[in-house]
Amino acid sequence: MKDERERHTHPSFGQISFSRISGHQRFYGSELEQDHYIEMTIHHSEIDRELTKDWYHKQGAPVVRLRMTSGQFSELITSMNMGDGVCCTLEMIEGKSIQKLPEEENRKEFVHRKFRDRMKEFADIIRKKQNEAKTLVKKKTLSKEDVRNLEFHLDWLTTEVERNIPFFMECFQETMDEVVSEAKTEIENAILHKVNILGLEKLQEQNKLLG
């Protein structure tokens, strides 16, 4: 039947697969490192046609290979047509490996650094304004411009204390809440995956007993 079999290829033919992988990794768009994650692979494809069946085979190196946390994967399939998409970590494009994900500070560290920088700037400006204020109050008489400058210094200090500093604290709290939420999601997905595996194993054991 060899003559009845034909092989067809085309640049538009592709095959896609998702796999659950075990291994410690970092992920773009995630604050947490993971021991279990989802990998997506896309290959070029070819088709072998016979009279009774079509056979599909992947070809060559992956066109694209990427990885996602379980949470990113869940968000991907439940938020279609929303926003700009979900973050993923590219591993390979057209058979060429992508550079390893760079070491970067997480959002908590970023907010901490920005807060430290702002506090240093705050302290430097306060010292400067304090010296300016001391110079003004030493005058025997204050002009209207001097009074306006003092009022400006006080208004700036009030705004910094009442608004800007609490804003940084709110950003930090929001960041921590998001990290906790992401951790809960990943734990729930890991538990669900384990439950599914145990359920399948139990079902297979029952089928063996019945068989």
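Rule-based calculations on the coordinates, nothing more; no lab input. Quick caveat: nothing in here was measured; it's all calculated off a predicted structure. Glycine also receives a Cβ, built like all others from the backbone with ideal geometry; neighbour counts cover every protein chain displayed.
Taking amide H atoms as placed 1.01 Å from N in the peptide plane, the amide H of residue 106 has no partner under 5 Å among residues 5 or more positions away or on other chains. Please report the relative contact order for the stretch 2-97, taking Cα pairs under 8 Å with a sequence separation of at least 6, and give it as a percent rounded to a whole number. Relative contact order, the stretch 2-97: 27 percent. Put simply, when 112-122, 95-105 are sorted by average Cβ atoms within 10 angstrom per residue, most first, you get 112-122, 95-105. Here the calculated FRET efficiency for residue 28 and residue 169, from their Cβ-Cβ distance with R0 = 30 Å, stands at 0.65, rounded to the nearest 0.05. Dipole magnitude for the stretch 2-97: about 160 debye, using +1 per Lys or Arg Cβ and -1 per Asp or Glu Cβ, origin at the Cα centre. Rounded to the nearest 0.05, the FRET efficiency derived from the C-beta distance between residue 7 and residue 51 at R0 = 25 Å is 0.95. Classify the stretch 39-109 as rounded, prolate or oblate, taking a ≥ b ≥ c as the square roots of the eigenvalues of its Cα gyration tensor: rounded when a/c is under 1.5, otherwise prolate if a/b is larger than b/c and oblate if not. The shape class here is oblate.
Near residue 98, the amide H atoms lying under 5 Å from its own belong to 92, 93; only residues 5 or more places off or on other chains count, and H is placed 1.01 Å from N. Of the peptides 10-16, 37-43, 138-144, the order by per-residue mean of other Cβ atoms within 10 Å, starting with the highest, comes out as 37-43, 10-16, 138-144.
Under the criterion of Cα pairs below 8 Å and six or more residues apart, the relative contact order for the stretch 21-75 equals 34 percent.
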